[in-house]
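I have placed the structure first, in the form of structure tokens, so that the comments after it can refer back to it.
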């Protein structure tokens, strides 16, 4: 799989504050989204077990509707942190040959399969794996990897540690999964393959870009979305979370203004030849 990255000024979409600016038409357990001319449905049976995708995750879907997005037909794809199957459904609907949905939450697999079936897609092209990314050993490499890592900083006062919470909160200043993705990418992605990532400005995006471009990956920004930090979900611990984020901002590891931050729909292409060859 090859794709020529086009370096143009990225689109910027500002989502109004509050639910009226949501990319979803309905929340929090069922929604309709449009993807490449198709109307697709996503639902979660129990929002206490599987997180219904936030606008942070849906932003990458919106960006992939643009003219600069890669071709998804016939790709062998890995969906890291599959959750309810948002990306797996979209990829299969767009003609992916096979999608592997990887998530640490055991409830993710059943919900992903249910959403694939609900949309009339071929579930035989879906493989669900319950495993931490660090322990996952695939049979081969993928043409495309897609992910929306958790991006909120960890604190024991609000981090429960279950599968639902790990969709939002990560250790190491919200970077634990970002770092794991970067670390594993050469073993997961075929040369010339594409990594698609919804990257929060709260989790030191320049570090991710520097790590991958330093290994020869080309980077493009498909679109930038401005939205609210999801503080309503952590109302009791709002001050604690904002305090951690302000510390990270002071250290140059987070960017936000008040309660607004940005999500960058990033596309990286692995070099066909290692740097220096």
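Distance from the alpha carbon centroid of the stretch 121-187 to that of the stretch 220-277 works out to 16 angstrom.
What would the Debye formula give as log10 I(q)/I(0) at q = 0.08, 0.17 Å⁻¹ for the alpha-carbon point model of the chain, no solvent? Listed by q, the Debye log ratios stand at -0.29, -1.55. Return the tail of the calculated pair distribution for the stretch 122-196, meaning the percent of Cα-Cα pairs more than 21 Å apart. In whole percent, the share of Cα-Cα pairs in the stretch 122-196 beyond 21 Å is 35. Tell me the label-point distance for the pair residue 172, residue 113, using the 7 Å Cα-to-Cβ offset, in nm and rounded to one decimal. Those two pseudo-labels are separated by 3.2 nm. With springs only between Cα atoms under 10 Å apart, run a GNM on the chain and tell me which of 60, 202, 244 wobbles the most. Greatest mean-square fluctuation among the candidates belongs to 244.
For residue 213 and residue 97, what is the calculated FRET efficiency with R₀ set at 35 Å and r taken between the beta-carbons, to the nearest 0.05? Calculated transfer efficiency: 0.75.
Every read-out reported here was derived from the displayed coordinates using simple, explicitly stated rules and does not represent laboratory data. The structure presented is a predicted model; accordingly, all values stated were derived computationally and were not measured. Note that each Cβ is placed from the backbone with ideal geometry, even for glycine, and that neighbours are counted across all protein chains shown.
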